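The values are calculated or read from the model by the stated rules, or taken from the named source; none is laboratory data. None of these values were measured; they are calculated from a predicted model. A quick note on method: Cβ atoms are made from the backbone with ideal geometry, for glycine too, and the neighbour counts reach across all protein chains shown. Just so you know, the surface numbers come from the protein's heavy atoms only, side chains and all, with ligands and any DNA or RNA stripped out. Shrake-Rupley method; radii C 1.70, N 1.55, O 1.52, S 1.80 Å.
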Amino acid sequence: MSIHSHPVPGTRFLRGPLLHCLAEPDKNTDATEYFNDALLHIKDGYIVACGDYQSLKQSYDDHQLAYLEHHPDKLMIPGFIDCHVHYPQTEMIAAHGTQLLDWLNTYTFPVEAQFADIEKSRDVAEVFLQELLRNGTTTALVFCTVHSESVEGFFQVAQARKLRMIAGKVLMDRHAPPEVLDTAETGYQQSQQLINKWHGVDRLQYAVTPRFAPTSSSEQLRLAGQLLADNPGVYLHTHLSENYDEIAWVKELFPAADSYLDVYDQAGLLGRRSVFAHGIHLCDDQCQRLADTDSAIAHCPTSNLFIGSGLFPLKKLQKHGINIGMGTDVGGGTSFSMLQTLSEAYKIQQLQQVNLSPEQAFYMATLGGAKALDLNDKIGNFAPGKEADFLLIDLHATPLLKFRNQFCKDWREALFVLQTLADDRVVAETNILGCPQG
Ligand code: GUN
Ligand code: ZN
């Protein structure tokens with residue numbers, strides 16, 4: 001902003017093309033709003049107004065608009081929302097040759113064992129959050145490790161950057177090496193201490209985070225439910241029905257449960273602030289139960305392809321009315337870019353003869369993700385009163401994008417091209433509470 005910044009601190013007026021969702025596209029034909037020439041007014045980190053430039057400028061005097069930042073060649077969009085990602089796995093992204101259960105034992109647990117060290121946790125959290133911002137992701141629901149230090153380190157770095165983040169200590173008391181295990185009791189106590197210290201501090205919120213049913217005893221899952229009951233507003237974050245061997249193992253470990261989801265249900269883990277990663281192989285009953293409890297699924301296409309988990313049945317879950325957000329699932333996923341994630345989501349639907357529209361994909365990465373996280377009153381679009389986490393996108397950032405974009409007949413085609421061909425190179429500016437991040 002420097003010498004051109006508005007004389008009233010915290011105030012910005014931006015002009016240029018703008019795209020955001022007002023509602024879910026499949027339910028409402030006017031759900032996606034595009035302005036070829038918009039005016040965006042920000043004050044003290046919040047959206048004041050957003051609309052067509054020629055109409056909205058009438059509300060302001062010339063003096064106010066003298067400091068207008070005009071970006072005719074950039075597209076303003078809301079920041080992306082990553083509904084499932086593991087920050088400690090940043091250093092093991094792109095690990096070769098295994099599927100879920102072997103991948104966890106071979107690569108994941110040895111890496112996560114190092115996060116008992118707060119310095120290590122802070123260092124990796126810095127790299128991770130920098131990478132999120134470079135890719136235009138402004139909010140994420142994040143797995144830490146079993147160690148309280150991993151959560152401390154993450155929240156300290158996120159707080160310093162004023163980010164809206166949700167994270168939690170992993171609960172796992174069996175079927176893994178001792179360096180990454182807690183007990184039902186210590187997991188419960190440490191989680192409660194972290195909730196007391198961090199939940200609701202600035203823009204940070206806590207998620208009770210049992211890794212997945214195979215690494216938690218029934219007692220640990222029961223205590224996770226207790227934490228949710230004792231701390232209203234806290235999230236539940238775990239994995240569900242990702243891989244066939246995992247599902248068979250859950251059946252063996254919990255013979256009395258009706259289904260994988262029922263293991264969590266019996267512990268009281270379903271609800272409006274519960275987010276389950278993957279949900280690829282669910283029967284209708286499980287889908288219906290997720291919908292009835294207002295629980296959300298985080299769809300993680302690059303991970304589902306990379307660790308060979310399966311093809312996400314988007315239409316089936318949508319038919320049941322389940323809230324669905326997008327997740328990168330790094331390090332099982334292979335990209336921090338939500339655009340690359342949407343590109344793979346499209347291809348996964350193609351393999352099932354389903355046509356994922358660019359509006360629907362964009363919705364799931366922005367307002368739909370906010371809804372999945374029960375944060376749609378705060379983030380996800382440019383509605384007045386929301387937090388000003390947004391991006392300036394350069395649609396011409398690569399030679400191919402520049403060439404291809406000349407032939408786009410409308411914003412819808414340009415959006416699809418963006419999702420399919422773009423990555424971090426198009427993110428020209430990431431704004432947190434109205435401020436560009438360096
Ligand atoms: N299931 C249990 N733990 C993990 C993990 O770290 N990543 C993924 N993708 N699935 C899991
Ligand atoms: Zn995961």
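Within the range 38-65, the set of residues being touching a strand residue (DSSP E or B) at 6+ places or on another chain (Cβ under 9 Å) and open to solvent by 40 Å² or more (accessible area, probe 1.4 Å) comprises Lys43, Asp44, Tyr46, Val48, Asp52, Gln54, Ser55, Lys57, Ser59, Gln64.
Checking every residue in the range 81-88 against the condition of being touching a Gly at 6+ places or on another chain (Cβ under 7 Å), within 16 Å of ligand 1 (Cβ to nearest atom) and of a type in the set (Asp, Glu) gives at least one match.
For the range 405-417, indicate whether the set of residues that are touching a His at 6+ places or on another chain (Cβ under 8 Å) and either of a type in the set (S, T, N, Q) or modelled with pLDDT under 95 (or both) is non-empty. Yes, the range 405-417 contains a residue that is touching a His at 6+ places or on another chain (Cβ under 8 Å) and either of a type in the set (S, T, N, Q) or modelled with pLDDT under 95 (or both). Take the residues in the range 1-19 that are hydroxyl-bearing (Ser, Thr, Tyr) and at pLDDT below 80; name whichever of them is surrounded by the fewest Cβ atoms within 10 Å (Cβ to Cβ). Per the criteria, the residue is Ser2. Right, Arg134: touching a strand residue (DSSP E or B) at 6+ places or on another chain (Cβ under 8 Å) and open to solvent by 50 Å² or more (accessible area, probe 1.4 Å) or not? Yes; evaluated as a whole, the condition is true for this residue. Here His281 meets each of (1) surrounded by fewer than 24 Cβ atoms within 10 Å (Cβ to Cβ); (2) touching a residue at least 40 places away in the same chain (Cβ under 8 Å); (3) within 13 Å of ligand 1 (Cβ to nearest atom) with one exception, condition (3).
Inside the range 251-262, can you point out the residues that are over 23 Å from Cys300 (Cβ atoms) and without any contact (Cβ under 8 Å) to a residue 40 or more places away in the chain? Correct list: Glu252, Pro255, Ala256, Ala257, Asp258. Name the residues in the range 197-243 that are without any contact (Cβ under 8 Å) to a residue 40 or more places away in the chain and of a type in the set (Phe, Trp, Tyr), would you? Residue satisfying the conditions is Phe212 alone.
Scan the range 57-73 residue by residue and report those that are within 10 Å of Arg15 (Cβ to Cβ) and either touching a Pro at 6+ places or on another chain (Cβ under 9 Å) or not in a loop (DSSP other than H, G, I, E, B) (or both). Spell out how you get there, then give the answer.
Pass one, the range 57-73, residues within 10 Å of Arg15 (Cβ to Cβ): 57, 65, 68-72.
Residues satisfying the conditions are Lys57, Leu65, Glu69, His70, His71, Pro72.
Here is the figure for the range 285-298: residues that are surrounded by 24 or more Cβ atoms within 10 Å (Cβ to Cβ) and in contact with a His (Cβ under 8 Å, 6 or more places away or on another chain) total 3. Within the range 320-345, the set of residues being surrounded by fewer than 24 Cβ atoms within 10 Å (Cβ to Cβ) and either within 12 Å of ligand 1 (Cβ to nearest atom) or free of Cβ contacts under 8 Å to residues at least 12 places away in the same chain (or both) comprises just one member, Thr334. From the list Ile348, Ile393, Ile379, exactly one residue is over 17 Å from the mean Cα position of the chain (by Cα), more than 16 Å from ligand 1 (Cβ to nearest atom) and touching a residue at least 40 places away in the same chain (Cβ under 8 Å). Which is it? Of the residues listed, the single one that is over 17 Å from the mean Cα position of the chain (by Cα), more than 16 Å from ligand 1 (Cβ to nearest atom) and touching a residue at least 40 places away in the same chain (Cβ under 8 Å) is Ile393.
Residues that are more than 16 Å from ligand 2 (Cβ to nearest atom), of a type in the set (D, E, K, R) and surrounded by fewer than 20 Cβ atoms within 10 Å (Cβ to Cβ) within the range 66-108 comprise Glu69, Asp73, listed in sequence order.
Quick check on this structure: which one of Ala291, Ala296, Ala248, Ala267 is more than 13 Å from ligand 1 (Cβ to nearest atom), among the small types (Gly, Ala, Ser) and without any contact (Cβ under 8 Å) to a residue 12 or more places away in the chain?
Working: Ala291 fails: without any contact (Cβ under 8 Å) to a residue 12 or more places away in the chain; Ala296 fails: without any contact (Cβ under 8 Å) to a residue 12 or more places away in the chain; Ala267 fails: without any contact (Cβ under 8 Å) to a residue 12 or more places away in the chain.
Of the residues listed, the single one that is more than 13 Å from ligand 1 (Cβ to nearest atom), among the small types (Gly, Ala, Ser) and without any contact (Cβ under 8 Å) to a residue 12 or more places away in the chain is Ala248.
Among all residues of the range 61-78, there is none that is more than 24 Å from Asp394 (Cβ to Cβ) and among the aromatic types (Phe, Trp, Tyr). Among the residues making up the range 191-244, those that are among the charged types (D, E, K, R) and more than 16 Å from ligand 2 (Cβ to nearest atom) are Lys197, Asp202, Arg203, Glu219, Arg222, Asp230.
Take Val157 and tell me if it is surrounded by fewer than 24 Cβ atoms within 10 Å (Cβ to Cβ), within 23 Å of His199 (Cα to Cα) and among the aliphatic types (A, V, I, L, M). If you could, list the steps in order and put the result at the bottom.
Values: surrounded by fewer than 24 Cβ atoms within 10 Å (Cβ to Cβ): yes; within 23 Å of His199 (Cα to Cα): yes; among the aliphatic types (A, V, I, L, M): yes.
Criteria met by Val157.
The sole residue among Phe390, Phe336, Phe403 that is of a type in the set (Phe, Trp, Tyr) and touching a Gly at 6+ places or on another chain (Cβ under 9 Å) is Phe390.
Residues in the range 126-164 that are within 16 Å of ligand 1 (Cβ to nearest atom), in a loop (DSSP other than H, G, I, E, B) and not polar (S, T, N, Q) were compared, and the one that is nearest to Val275 (Cα to Cα) is Cys144.
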